[in-house]
Structure formats: C-alpha cells, structure tokens
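Please read the structure below before turning to the comments.
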Amino acid sequence: MIELCFYVCLPADGGADVVLSCSLVEEGVGMGGMGGGSLFSRTPATLVLRDVPVGPDESLDTLTPFVPPSVPDPDLILFENKVSSPEIPNAGMLLHADCNEQEVMCEISRYTPRGLQESSDPAYFMVSLSVEGLDFSTSLILQTLPVEKDQTTLTQSKLSLPLSQSGTLLTKVIFLVFSDINSVSAPLRGDVLLNCGFKQEETPLAPDVGLEWRLQHRGRGRKVLEMKTKLDDTEEATVVHGERNGSSVDAALLLSEGNVSMSLTQLKVVDEGTYICTVNLGHFHAQQVIQLHIIQPPQVSLSEEKLVLNTNSPQTLSCHCAKYYPLDAQMEWFFLPPTETEPKLFPNQGSLSSHRQHGDGTFTLSSHVTILPSFSPGTKITCRVTHPALDDPLHISIVVEPAQPDSYWWVLGFLVVTVLFFYQVMK
C-alpha cells in the first residue's frame with residue numbers, strides 16, 4: 001500500500017520520477033504452522049520509477065522533486081529503476097493516484113529465474129503494481145545493475161546487495177507483463193477480449209516465447225489456450241493448442257506488438273472465472289490475472305395480461321423473472337392507488353418460488369403476491385426487478401380493472417327481458 005508519493009520534473013525529456021511505498025514480501029521463517037501466524041513477512045521498501053512520461057497537459061509546477069537520503073542508510077530498501085526501456089504501459093496513471101486517494105498496491109519479492117541458481121550477481125526481483133479503481137496492472141522483473149565498489153560502498157543489510165552512492169539499489173526492467181483490465185463483464189453467448197501484453201528489453205531474453213491462458217473457477221482449473229512461437233520468425237512457425245473452442249490469440253499482434261490478448265466467442269456460463277495470462281521468455285515468466293463475469297439480463301413477465309378485481313375472494317398475481325445470470329436477482333412489488341401520486345411498497349411481499357436452473361446455467365425465479373378484494377379499481381401494480389446485468393431496475397405493471405357483474409344475473413336479466421318482449425308481441 002502506498003503511503004508517500006513524490007515527483008521530480010525532468011524538463012529535458014518530459015518525464016517525471018514516481019516514488020512508491022511498497023512491501024518487500026518474503027517467505028516467513030519459523031512462522032505459520034500449528035502455532036498460526038503469517039507464512040510471509042513484509043518489510044517496508046521504496047520503488048523509484050525514473051522518467052515516467054508526462055503528458056503535454058501536465059503542469060510541471062505540481063511535481064515535487066524527489067530527494068534521495070542525504071546520508072545513505074544501509075537499512076533502507078530503496079529500488080531505483082529507469083522505465084524508459086522497456087516502457088511501462090500507462091505508467092502515467094501512477095502520477096496522481098495518491099493525490100486522488102486511489103490506493104496503489106506495490107509488492108516486491110525475490111525472483112529466481114527458472115533453471116538458474118539464486119545468486120546476487122545479478123539479483124532479480126518481481127514487482128506487482130496495481131491501482132485501486134483503475135484498470136492498471138503490471139508485473140515487472142527487475143535486474144540489479146553493476147555498482148563500482150570501493151571502500152565507501154555500502155551493502156544493503158537485509159538483501160546483502162551493494163548500494164549506489166545515493167544509497168539506492170540500481171535496477172532495470174528486463175521483462176514485464178501487463179493488462180489494462182482487471183475485471184470484465186460479457187453477455188451470455190456473446191464475445192469478449194481478455195487484454196494481456198508483454199514487453200522486454202531491447203536485447204531479447206530468448207529467441208522464442210511461450211504463452212498460456214488458464215481458467216480457475218471454484219477451486220478447479222483448466223488450460224484454455226497454449227501458444228509457442230519464435231520472435232524472429234513469421235507467424236507460420238507458431239504452434240497453437242486451444243482446448244476451448246472459440247478461443248484464439250492473434251499471432252501477428254504477438255510478434256509485432258507483444259499483444260497476447262485472448263478472444264473468446266459464444267460465451268457460456270462455464271467460461272466465467274479467473275483467467276491467468278502467463279508469458280514465458282527463456283528463464284523468465286510473469287503473469288496477469290483477469291476476472292471474467294458472465295451476465296444475462298432477465299426476461300420479466302406477469303402471469304396475467306388483464307387483471308379484473310374479484311370482490312368475493314383474493315387473487316394471486318405472479319411475476320416471472322426468467323433466464324438470467326448470475327443468481328442474485330431481487331423482486332419487489334409496488335402499488336399506486338388512483339388517488340395518489342407515489343407508489344407504495346406492498347406491506348406483504350408475498351412468496352418466492354425456489355430458483356430453477358436451466359441447462360445453459362441461467363436461472364428462473366417467480367414471485368407471487370395477493371390482490372385483495374379491497375383494492376380500488378384503477379390501482380397500478382408494479383413488479384420491479386433488480387439484477388447485475390441491468391443498468392437500471394426493470395419495471396412491469398398492470399392496472400386493476402373494475403369488477404364485472406355476475407354472469408348469472410346477466411343471463412337472468414336477459415331471459416326476463418325476452419319473456420316480456422314476446423308477451424307484448426303475443427298480447
């Protein structure tokens with residue numbers, strides 16, 4: 001979580017420095033177990049991102065200079081990194097996040113490349129960055145830079161790494177995976193694009209790249225798509241294995257832009273869940289997580305097209321909410337007498353049926369309310385349905401019509417009139 005944020009103007013190239021308060025996350029030693037406690041330890045750390053691009057509308061007067069400690073402190077964990085190569089997409093969102101009271105999550109942890117033994121020359125770190133309320137998320141792999149050592153060189157006490165003259169750990173970004181969406185909603189039987197991309201330093205980390213998309217939902221996981229290709233080759237050399245019909249990644253965009261976004265067509269309820277985009281480059285890999293929510297608005301109808309008041313006994317009116325997803329639908333009844341202007345909530349909301357689930361995963365629910373003989377003709381009765389797939393609640397109404405005369409008396413009256421008519425004719 002961010003606590004302090006400073007900025008320094010760099011007029012020469014229109015960039016600024018962003019200073020983030022982070023946590024260095026390490027596996028806990030002697031923690032957890034039967035005695036409880038956290039499995040990880042957190043130590044305050046600071047990340048300085050150099051040369052973050054500043055837009056032309058940015059007022060440089062609002063940027064407060066960052067000043068490194070006047071006396072280097074080996075107990076401080078201060079990472080210094082230049083973001084110009086490779087550039088962190090949308091890093092400008094970090095400029096005023098703290099001032100806008102948006103929480104910036106920044107976690108740093110040691111990273112050991114696959115197939116390599118952990119060492120301190122160079123050392124690697126994984127940085128996870130995200131901003132509350134904004135579609136900004138990125139995972140960076142930092143590599144420490146060489147430091148010219150002399151008798152005055154200090155060593156960071158916790159990480160045992162040499163510090164620069166200003167007391168910082170000099171690093172560079174060698175690889176990053178990012179996404180500009182954290183969560184997305186898409187309609188049932190519709191299509192969706194799950195955004196994910198990667199960048200690496202100018203010197204390629206490996207000649208080929210591997211991509212895997214996985215879905216995790218309710219404790220179960222499965223592979224959705226896997227792709228392997230050579231970065232210096234044409235897309236014809238690409239090998240794609242999609243385990244879900246309708247899943248695809250554009251190989252041309254992967255090669256030209258590092259765009260590994262996955263499209264899914266003809267969405268089903270079973271496609272909902274947490275998608276993990278993992279990019280592999282040689283010894284290195286990083287990932288992004290995206291939540292996909294499937295939504296389907298309800299079809300709402302009333303059991304009656306015409307409601308005639310029954311003065312002898314109560315009637316039941318039903319509101320049917322059909323074929324919706326997800327489950328959380330709310331149904332309410334209101335009535336508006338003809339002499340009033342504001343609808344009122346039914347004092348007795350009646351009864352609800354049990355949820356019925358269909359083969360496509362959608363649900364149906366019915367609500368039943370009692371219409372008493374005491375209701376005034378002209379009263380408007382409304383069923384209001386609220387559901388996450390609806391921008392606004394849905395209303396469906398019916399007006400109570402006056403009671404009709406009993407058919408028995410109609411028939412008797414007709415017979416009397418007929419008899420009288422023929423009596424007059426025969427007379």
Taking the stretch 141-161 and keeping residues β-branched (Val, Ile, Thr) and open to solvent by 60 Å² or more (accessible area, probe 1.4 Å) leaves THR152, THR155
Within the stretch 259-362, strands (runs of 3 or more DSSP E) holding 2 or more residues that are β-branched (Val, Ile, Thr) and touching a residue at least 24 places away in the same chain (Cβ under 8 Å): 273-281, 284-295
Go through (1) of a type in the set (Gly, Ala, Ser); (2) assigned to a strand (DSSP E or B); (3) touching a residue at least 40 places away in the same chain (Cβ under 8 Å) for ALA97 and report which single condition fails. (2)
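Rundown of residues vs (1) of a type in the set (A, V, I, L, M, F, W, C); (2) in the same structural domain as LEU372 (by the TED database); (3) open to solvent by 20 Å² or more (accessible area, probe 1.4 Å), yes/no style:
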| position | (1), (2), (3) |
| --- | --- |
| CYS277 | yes, no, no |
| ASN280 | no, no, yes |
| HIS283 | no, no, yes |
| ALA286 | yes, no, no |
| THR311 | no, yes, yes |
| THR316 | no, yes, yes |
| CYS321 | yes, yes, no |
Looking at (1) modelled with pLDDT of 90 or more; (2) under 17 Å from the mean Cα position of the chain (by Cα); (3) within 30 Å of ASP75 (Cβ to Cβ); (4) open to solvent by 40 Å² or more (accessible area, probe 1.4 Å), which is the only condition THR138 fails? (4)
Looking only at residues in the stretch 104-135 that are charged (D, E, K, R) and assigned to a strand (DSSP E or B), which one is surrounded by the fewest Cβ atoms within 10 Å (Cβ to Cβ)? ARG110
Quick check on SER397: is it hydroxyl-bearing (Ser, Thr, Tyr), part of a strand (DSSP E or B) and either at pLDDT 90 or above or more than 25 Å from ALA186 (Cβ to Cβ) (or both)? yes
What are the pairs, 6+ residues apart or on separate chains, where a residue within the stretch 184-210 that is within 28 Å of THR265 (Cβ to Cβ) has its Cβ under 8 Å from a residue that is among the basic types (Lys, Arg) and modelled with pLDDT of 90 or more? LEU188/LYS268; ARG189/LYS268; ASP208/LYS228; VAL209/LYS228; GLY210/LYS228
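The values are calculated or read from the model by the stated rules, or taken from the named source; none is laboratory data. Remember, it's a predicted structure, so these values are computed and weren't measured experimentally. Ideal geometry is used to build each Cβ from the backbone, glycine not excepted, and the neighbour counts take in all protein chains shown. What goes into the accessible areas is simple: the full protein's heavy atoms, side chains included, and nothing from ligands, DNA or RNA. Shrake-Rupley method; radii C 1.70, N 1.55, O 1.52, S 1.80 Å.
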